[in-house]
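Asks: Before I ask anything, here is the structure I am working with.
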Amino acid sequence: MTRRSGVRDVIAYNWPQYAAGLATAAVFAALSGRLPYPLRTMARAGSAAAVGLLASATVASWLVYDRSEMYDYDWLDTLLPQTPSVHLVVGTGLDEASAPLAARWPASRQITVDLYDPAVMTEGSVRRARRRVPPPPHALPGRPDALPVRRSGVDAVFLIFAAHELRQAEDRERLFGECARVLRPGGRLVLVEHLRDSPNTAVFGPGAWHFLPRAEWLRLAAHAGLRPAAEHRIAGLVTALAFTRGPA
């Protein structure tokens, strides 16, 4: 069976943020009845804003993870010119891509690398997600600067909701450099992420600052010698970018 997150899992991974938002709304609502008119209006507005933000983030997560094309992976047809004979899936704590990709391409040899480092990836949501969805038993340990794959060894590399967990720019640069190293000429890196853009900011509010802007992903690819090849938008909130390695 393919394990996939839905909105209930998103809430489970991020329950402290939900608890903090509800507590904030409750505090503002409780204070509103004891404050003079101008402050009372502000407190009620703050309570409504907190509830509204939680609601919009939950609905957005439901649309992406429960209702969109995200997990059928048919959108890969627009990003990859052909089925890879060997592909690499890189995870940073929560790997929900390797199983469906293996099922999609049973004749393609899959390599799975787990970069999770609790000393670096300190987000509580990642720890909780990892406890609920442990890495596949065949996953190889790796580092952003050392993927255990030979040079020009794969046709495609997949970073699906993974690369943003590397919060230091230097680590992201090293990872993209390694992805370029292991790709064969003409191979593609497929990056799937929420972007720090207007639609995501509108529904996730300050939480969108956990995402990275498009310019950063383009910078990382260019720094590694990769160029944009294709793009696909999922549910208006998730962006899949394909970068290609040119001829040697």
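The values are calculated or read from the model by the stated rules, or taken from the named source; none is laboratory data. Predicted model, so just to flag it, every value in this text is computed and none were measured. Cβ atoms come from the backbone with ideal geometry, glycine included; neighbour counts cover every protein chain shown. Note: accessible area is taken over every heavy atom of the protein model, side chains too, but ligands, DNA and RNA are not part of it. Shrake-Rupley method; radii C 1.70, N 1.55, O 1.52, S 1.80 Å.
Asks: Probe 1.4 Å, all protein chains in place: accessible area of residue 231 in Å², nearest 10?
Replies: Spelled out: residue 231, probe radius 1.4 Å, area about 90 Å².
Asks: Mind checking the angle between helix 37-62 and the chain's longest principal axis? C-alpha axes, 0 to 90 degrees, to the nearest 10.
Replies: Taking Cα atoms only, the helix is inclined about 30 degrees.
Asks: Determine the sum of side-chain charges near residue 186: Lys and Arg each +1, Asp and Glu each -1, restricted to other residues whose C-beta is under 12 angstrom from that of residue 186. Please report the intermediate quantities before stating the final value.
Replies: Numbers: positive: 184, 188, 227, 245; negative: 155.
Value of the local net charge: +3.
Asks: Compute the Cα gyration tensor for the range 22-105, then decide on rounded, prolate or oblate, letting a ≥ b ≥ c be the square roots of its eigenvalues: rounded whenever a/c is under 1.5, prolate when a/b is larger than b/c in the other cases, and oblate in all that remain.
Replies: Prolate is the answer for the range 22-105, as a/c is 1.5 or above and a/b outweighs b/c.
Asks: Ranked by accessible surface with a 1.4 Å probe, highest first, in what order do 35, 140 come?
Replies: So the residues, ranked largest to smallest area, are 140, 35.
Asks: State the antiparallel share, in %, of DSSP beta bridges confined to the chain, rounding to the nearest 5.
Replies: Looking only at bridges with both residues in the chain, the antiparallel portion is about 45 percent.
Asks: Keeping every protein chain in place, order 209, 217, 62, 105 by accessible area at 1.4 Å, biggest value first, i.e. largest first. List each step's numbers first, then the result.
Replies: On the way: 209 145, 217 0, 62 110, 105 25 Å².
Listed by decreasing accessible area, they come as 209, 62, 105, 217.
Asks: What is the angle, in °, between the Cα long axis of helix 169-182 and the longest principal axis of the Cα atoms in the chain? Nearest 10 is fine, range 0 to 90.
Replies: The answer is roughly 30 degrees.
Asks: With θ set to phi - 60° and the Karplus curve 6.51 cos²θ - 1.76 cosθ + 1.60, what are the ³J(HN,Hα) couplings of the range 10-23 in order, to the nearest whole Hz, using x for Gly and Pro?
Replies: Running phi through 6.51 cos²θ - 1.76 cosθ + 1.60 with θ = phi - 60° gives 4, 5, 5, 5, 10, 4, x, 5, 5, 4, 5, x, 5, 5 Hz.
Asks: Would the range 78-139 count as rounded, prolate or oblate if I go by the C-alpha gyration tensor, calling it rounded below 1.5 in a/c and otherwise prolate when a/b exceeds b/c, oblate otherwise? Write out the running numbers ahead of the final one.
Replies: Working: a/c = 2.51, a/b = 2.29, b/c = 1.10.
The shape class here is prolate.
Asks: Further question on the same structure: Given contacts defined as C-alpha pairs under 8 Å and at least six residues apart, what's the relative contact order of the range 112-248, whole-number percent?
Replies: Working: 212 pairs, mean separation 30.7, N = 137.
Rounded, it is 22 percent for the range 112-248.
Asks: Rounded, prolate or oblate: which fits the chain, taking a ≥ b ≥ c as square roots of the Cα gyration tensor eigenvalues, rounded meaning a/c under 1.5, else prolate when a/b beats b/c? Numbers along the way, then the final one.
Replies: Working: a/c = 2.22, a/b = 2.10, b/c = 1.06.
Here the chain falls in the prolate category.
Asks: Would you work out which of 103, 47, 5 lies farthest towards the positive end of the dipole of the chain? Charges go on Cβ: Lys and Arg +1, Asp and Glu -1.
Replies: Checking the options against the dipole of the chain, the answer is 47.
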